[in-house]
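Visitor: Below are the structure tokens for one structure; questions will follow.
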Amino acid sequence: MKLVFWVSLATLACLVPGANAQSCQTSSDLDDATRTAITAAGQRYFDMAAKGDTASLRQNAIASLASDFSGIEAAVKDHQQDLAGAQAAVKSVFLLDAEGKAPVPHAEFLCGVFGKNGQTSGSAAFSFDNLPPGKYAVVLLDAKSARSRTSFSVILQQVGTDWKVAGVDIAAAQIAGHDGDWFVARAREYKTKGQLHNAWFFYLQARKLISPLSFMSTLATDRLYDEFQSVQPADIPTGGKTTDLTAGATAYKLTTLFPAVVGNDLDLIVKYQAADVANTNQAYQNNVAVMKALVTKYPEVRDAFAGVVARAVDPSGRDYGTMLAMKDIK
């Protein structure tokens, strides 16, 4: 999932109705003219991305995003083969209104009808940090082609009478033909087998496929969140905390460990702290050592992933990555 947005996105936690400064309308709440304008803008920007026309996308972006558009350009390029020739259908439209004169430290938008137990089948919730005041729209599209199915989400901001691009998310809606429900089923199978690490990773992947926007939750994602929290391993780095992985006489501090799509495969990505990555030969050796130690510690991952990608990250943020197929990690 490649998300590009101009504000810091909050991790969605427990949602409580906030102040009246934030309001949200779903597609059914909108008048025809507003719904048509937002939908048309979302479709127009999808068409630009499908043609690889990032120059036009940039021209239609808000100023703060247009000044640093490299992330969206990379996302469009990475998914060009999936978008080219794809037919997109609008799945959902939301209108978010953040009132006031200053950025909202923590903006929460509750959209649709909520019941006594929280979300319902037609509701959604969005959460942002430091959101500038204004009117925003979220348009979710499902793009299908002969080769793939892709989720294309565009965040819009109203500037005058125009809807400008404020963010873009492009993510695979399926992996090797499998959707989120398939990954949930596999996660439950791993849980039954006692393979809690595999279960955790597959729940994470299912969550991305069910709702590709990290700052959006639905009834389905809330239920999934409740389910997979019960299998979260204690030795997985989360919430900014590192965990140690010993390889020979060296202890590596892992910072993140998560599944990701590489080509048509699902690989396991591990990032760890490194003093320096300038010496690429040494960085490569360290990466291989980390991968071997990881698979030795969690042998169950051999059955779940096609390969492992290790990335050494130095204090400046520079990284050096190495990928090995699972069969080559011995």
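The values are calculated or read from the model by the stated rules, or taken from the named source; none is laboratory data. Computed from a prediction, not measured in an experiment: that's the story for all the values here. Ideal geometry is used to build each Cβ from the backbone, glycine not excepted, and the neighbour counts take in all protein chains shown.
Visitor: Any chance you could count how many residues in region 269-296 are under 25 Å from ALA199 (Cα atoms) and modelled with pLDDT under 95?
Guide: Residues of region 269-296 under 25 Å from ALA199 (Cα atoms): 269-272, 287-296.
After this cut, where a residue has to be modelled with pLDDT under 95 as well, the list is none.
The qualifying residues number 0.
Visitor: Could you identify the single residue in GLN205, GLN195 that is closer than 19 Å to ASP303 by Cβ, touching an Asp or Glu at 6+ places or on another chain (Cβ under 9 Å) and either of a type outside the set (A, V, I, L, M, F, W, C) or at pLDDT 90 or above (or both)?
Guide: Working: GLN205 fails: touching an Asp or Glu at 6+ places or on another chain (Cβ under 9 Å).
When all the criteria are applied, what remains is GLN195.
Visitor: Could you say which residue among ALA146, ALA86 is small (Gly, Ala, Ser), surrounded by 19 or more Cβ atoms within 10 Å (Cβ to Cβ) and more than 16 Å from THR218 (Cβ to Cβ)? Please lay out each step first, then the result.
Guide: Working: ALA146 fails: surrounded by 19 or more Cβ atoms within 10 Å (Cβ to Cβ).
Answer to the selection: ALA86.
Visitor: Kindly state which strands (runs of 3 or more DSSP E) lie completely within region 58-157 and contain at least 2 residues that are in contact (Cβ under 8 Å) with a residue 40 or more places away in the chain and in contact with a helix residue (DSSP H, G or I) (Cβ under 9 Å, 6 or more places away or on another chain).
Guide: On the way: elements: 87-98, 104-111, 124-131, 134-144.
Where strands (runs of 3 or more DSSP E) fall fully within region 58-157 and carry at least 2 residues being in contact (Cβ under 8 Å) with a residue 40 or more places away in the chain and in contact with a helix residue (DSSP H, G or I) (Cβ under 9 Å, 6 or more places away or on another chain), they are 87-98, 124-131, 134-144.
Visitor: Quick one: ALA40 ticks every box in (1) modelled with pLDDT of 95 or more; (2) touching a helix residue (DSSP H, G or I) at 6+ places or on another chain (Cβ under 7 Å); (3) small (Gly, Ala, Ser) bar one, so which box is it?
Guide: Evaluating ALA40 over (1) modelled with pLDDT of 95 or more; (2) touching a helix residue (DSSP H, G or I) at 6+ places or on another chain (Cβ under 7 Å); (3) small (Gly, Ala, Ser) leaves (2) as the failure.
Visitor: Of the residues that sit in region 94-118 and are in contact with a Lys or Arg (Cβ under 9 Å, 6 or more places away or on another chain) and surrounded by 22 or more Cβ atoms within 10 Å (Cβ to Cβ), which one is nearest to ALA41 (Cα to Cα)? Write out each step before concluding.
Guide: Step one: list which residues in region 94-118 are in contact with a Lys or Arg (Cβ under 9 Å, 6 or more places away or on another chain), which gives 95-98.
If we keep only those that are surrounded by 22 or more Cβ atoms within 10 Å (Cβ to Cβ) too, we end up with 95-96.
Details: LEU95: 13, LEU96: 16 Å.
Across region 94-118, the extreme among qualifying residues is LEU95.
Visitor: Could you tell me which of the residues LEU266, LEU213, LEU224 is modelled with pLDDT under 95, assigned to a loop (DSSP other than H, G, I, E, B), closer than 27 Å to GLY180 by Cα and outside the structural domain of ALA124 (by TED's automatic domain parsing)? Can you show your working first?
Guide: Numbers: LEU266 fails: assigned to a loop (DSSP other than H, G, I, E, B); LEU224 fails: assigned to a loop (DSSP other than H, G, I, E, B).
Only one candidate passes the filter, namely LEU213.
Visitor: Looking only at residues that are of a type in the set (Asp, Glu) and in contact with a strand residue (DSSP E or B) (Cβ under 7 Å, 6 or more places away or on another chain) in region 248-278, which one is surrounded by the fewest Cβ atoms within 10 Å (Cβ to Cβ)?
Guide: ASP265
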